[in-house]
1. Would you check if Leu337 is at pLDDT 90 or above, open to solvent by less than 40 Å² (accessible area, probe 1.4 Å) and farther than 11 Å from Gly425 by Cβ?
2. Is there a residue in the range 401-412 that is modelled with pLDDT under 90, more than 20 Å from Arg635 (Cβ to Cβ) and not in a helix (DSSP H, G or I)?
3. Picking from Leu507, Leu595, which residue would you name as being modelled with pLDDT of 80 or more, more than 29 Å from Leu748 (Cα to Cα) and surrounded by 24 or more Cβ atoms within 10 Å (Cβ to Cβ)?
4. When you scan the range 732-757, how many residues do you find that are charged (D, E, K, R), open to solvent by less than 30 Å² (accessible area, probe 1.4 Å) and at pLDDT below 75?
5. Is it the case, given these coordinates, that Val273 is β-branched (Val, Ile, Thr), open to solvent by less than 10 Å² (accessible area, probe 1.4 Å), touching a helix residue (DSSP H, G or I) at 6+ places or on another chain (Cβ under 9 Å) and in contact (Cβ under 8 Å) with a residue 40 or more places away in the chain?
6. Look through Leu660, Leu653 and report the one residue that is in a helix (DSSP H, G or I), at negative phi, modelled with pLDDT of 90 or more and buried (at least 16 other Cβ atoms within 10 Å of the Cβ).
7. Taking into account only those residues within the range 673-705 that are in contact with a Phe, Trp or Tyr (Cβ under 8 Å, 6 or more places away or on another chain) and assigned to a helix (DSSP H, G or I), which is surrounded by the most Cβ atoms within 10 Å (Cβ to Cβ)?
8. I'd like the full set of residues that are at pLDDT 80 or above and within 23 Å of the chain's Cα centre (by Cα), limited to the range 599-615.
Amino acid sequence: MPRRFLLFSCVLAAMAAGGGAVLLGWPLPAAGLFVLGALPVAWLVARDTLRTLIGGALGVDVVALVAILAAIALGEYFTASLIALMVAGGGALEEFAEARARRELTALVSRTPRIAHRREGTLLRDVAVADIAAGDSLLVKPGEILPVDGTIEDTPAILDEAALTGEPLPVTRAAGDIARSGTVNAGGPIALRAAASAEASTYAAVVRLVQAAEGERPPMVRLADRWALYFLPITLMASAAAWAIAGTAERALAVLVVATPCPLILAAPVALVCGISRAARLGVIVKGGGALERLARVRTALFDKTGTLTTGTPRVTGVEPLAGFDGDTVLRLAASLEQVSQHVVAAAIVAAARASNLALALPLAVEEVPGGGLAGVVEGHAVMVGSAGLLEAAGFMLPATGSAARLAAAAASASWVGVNGAVAGAVLLADRIRPETPRAIRDLRAAGVLRLVMVTGDRAASAEPVGEALGLDAVHADLTPRGKIDTVHAERPCLMIGDGINDAPALAAADVGVAMGVRGAAAAAEAADVVLLVDRIDRIAAAIATAKRARAIAVQSIAVGMGLSVVAMGVAAVGYLPPIWGALLQEAIDVAVILNALRALGGGATPSAIPAAAGVPRVLEDHSQLRALMDRMRRTADRMNSGDAPDTHDAELRAIALGLRTLVLPHQQAEERNTFPILARRLGGHDPLGAMTRMHEEISHLSSRFNALLAGADADGVSAAEARELRRLLYVLDAVIALHLAAEEELLAQAEEAGER
């Protein structure tokens with residue numbers, strides 16, 4: 001049993017025994033039992049007061065100590081016991097409240113695995129998780145927690161990541177994917193190749209964050225202590241005045257009894273710890289009450305761009321060839337070389353080439369060029385891929401004018417391709433805005449954040465369009481880490497959200513640093529005050545709302561509790577509240593303020609999954625495939641220039657038509673049948689999905705026209721007029737489907753929020 005509950009139980013037992021003695025007519029044993037219950041509390045309070053005095057402070061429980069000793073000296077033994085019960089009960093309630101409030105946090109720590117199954121040759125040996133090293137081959141059994149970060153081997157794994165991310169549905173990780181420690185194996189046995197030791201893994205970092213969150217003493221609590229110390233001399237003077245006016249020490253005792261500042265010293269920590277726990281339930285780890293208080297006062301938010309406002313995963317939006325080359329050749333040669341690279345841009349180029357069904361060759365003599373490029377031989381051609389500066393440093397003459405130069409400057413990113421000493425063209429890339437980012441911006445403004453600013457090391461040409469699309473108040477581009485710190489200082493007080501190693505100094509400099517902890521760098525998480533365990537920045541607005549609520553409840557509890565105590569002191573001073581009834585009243589005040597502080601655990605929105613019958617995972621999976629089809633449509637339309645023979649792209653057009661029939665139309669039918677009815681019920685109102693259904697109809701109409709044109713083409717192929725119309729339809733379909741997907745993802749988020757209320 002916890003120490004405070006044990007003490008409370010002992011005092012309660014002594015009081016009960018003393019009450020029994022009174023009923024039996026044994027006054028002396030009763031007095032002894034009452035004193036026996038009061039003295040241990042008095043001794044503990046005296047010990048704590050002495051410790052604080054040695055530390056250069058004065059414990060506010062000294063009022064209770066004076067009241068207990070005064071009651072014993074005046075022969076008010078039952079009152080002394082009741083005061084002791086009040087103090088012990090307040091401590092027990094605080095212990096209960098904090099235990100309940102930390103439930104979400106301590107659950108993370110208690111889930112830490114202790115044993116792992118390591119493969120040693122043909123044997124499977126149980127070892128301590130602390131003994132695992134990077135490179136060890138492990139077996140994770142069904143239902144077990146992954147002990148370390150690692151790579152999935154052999155077969156795909158089904159993982160429950162709810163403990164880390166809050167997402168309720170299991171996810172599938174393919175062979176070769178990274179799996180994070182702390183997730184649960186929701187499928188069959190997993191072969192896992194350890195990528196790090198337990199201490200360096202994701203879950204251990206989360207546990208350290210939790211321990212940091214629990215260990216910090218919030219500034220509000222220190223402020224409450226200062227208020228209580230001012231309250232102490234006022235109490236003593238009021239007690240002395242009551243004694244002097246009434247001429248009886250009992251009146252002074254009554255004032256002391258109701259003046260014990262339990263509401264002040266209990267309400268703030270309980271409310272703030274509840275707020276921390278509430279944030280953890282949302283997938284947000286706040287490192288202590290101090291960070292929670294600062295979060296509640298945020299009025300300016302700064303964002304990194306890549307990986308924070310955007311997905312951080314680029315995709316190819318076009319290929320601009322120069323004279324003597326065509327787009328397919330440029331993309332095929334670049335992708336062939338980039339096959340050997342692990343860079344995200346290389347992955348995007350390879351994915352685009354494969355989506356266009358281009359045959360890639362195995363590169364030879366590949367060398368990494370300092371600065372982030374590659375050089376090698378592809379099918380006998382010397383090929384180099386990299387940034388404009390990298391190719392210029394290698395002696396290539398990039399065009400200063402023309403469409404390729406303009407498009408590369410306007411793109412979020414561009415990889416230039418050199419072939420046999422000449423510039424062949426540019427592969428244009430973009431980093432898509434996160435689906436939840438616009439909603440996060442709206443929610444932050446609704447939460448009271450007045451100024452939203454982007455701080456990024458990216459070029460202004462790629463950063464400013466993102467800032468304009470999101471309606472940010474300012475965009476600071478081309479910043480070094482030092483430049484980000486300077487911007488933070490200029491915008492203070494502020495909150496800074498980032499995910500990369502280069503964001504860590506700015507996160508540390510900000511009043512509140514928020515790290516994207518799912519995919520972000522460990523340095524950013526260590527430097528931040530707040531870590532998002534869910535890869536969604538919209539949760540930060542919910543965390544701010546939670547922080548404001550917790551702080552408001554803490555202040556409310558303190559003000560109401562102390563206000564009631566002051567009123568009770570006045571009543572006691574004029575003789576209308578005897579010590580016994582004062583003690584009972586003070587106990588009721590303590591209970592009330594602690595129960596009020598516990599309200600910080602609730603309120604706001606709790607993530608609520610849309611019912612499985614809606615098929616949301618399938619919808620989002622279809623969206624990914626639809627975006628790949630849209631990329632194919634754009635590339636085909638771009639290649640259908642006036643110089644091509646009309647039937648040059650016949651095979652590609654027919655493949656797109658097949659995609660429209662087998663992917664787009666079935667996707668829409670499944671949504672109309674399964675998804676939209678459930679979403680409509682959650683959203684409420686009259687026909688909330690009318691606009692979405694209307695877009696479905698328009699997409700179906702355009703797809704039918706495209707298919708009809710292609711089906712009606714002559715046996716000799718597509719005519720020039722038909723090719724122009726097909727090209728127009730491809731661009732229109734791309735625009736309409738893109739708008740529809742964005743609107744649909746926003747709708748899914750609204751439906752989820754509707755289920756949270």
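The values are calculated or read from the model by the stated rules, or taken from the named source; none is laboratory data. Given the structure is predicted, the values throughout are model-derived calculations rather than measurements. So basically every Cβ, Gly included, is an ideal-geometry build from the backbone, and we count neighbours across all protein chains shown. Areas reflect the complete protein model, heavy atoms only, side chains present, ligands, DNA and RNA absent. Shrake-Rupley method; radii C 1.70, N 1.55, O 1.52, S 1.80 Å.
1. Taking the combined requirement at face value, the residue satisfies it.
2. Scanning the range 401-412, I find at least one residue that is modelled with pLDDT under 90, more than 20 Å from Arg635 (Cβ to Cβ) and not in a helix (DSSP H, G or I), so the answer is yes.
3. Leu507
4. 0
5. Criteria not met by Val273.
6. Leu660
7. So the residue we want is Met692.
8. Residues satisfying the conditions are Arg599, Ala600.
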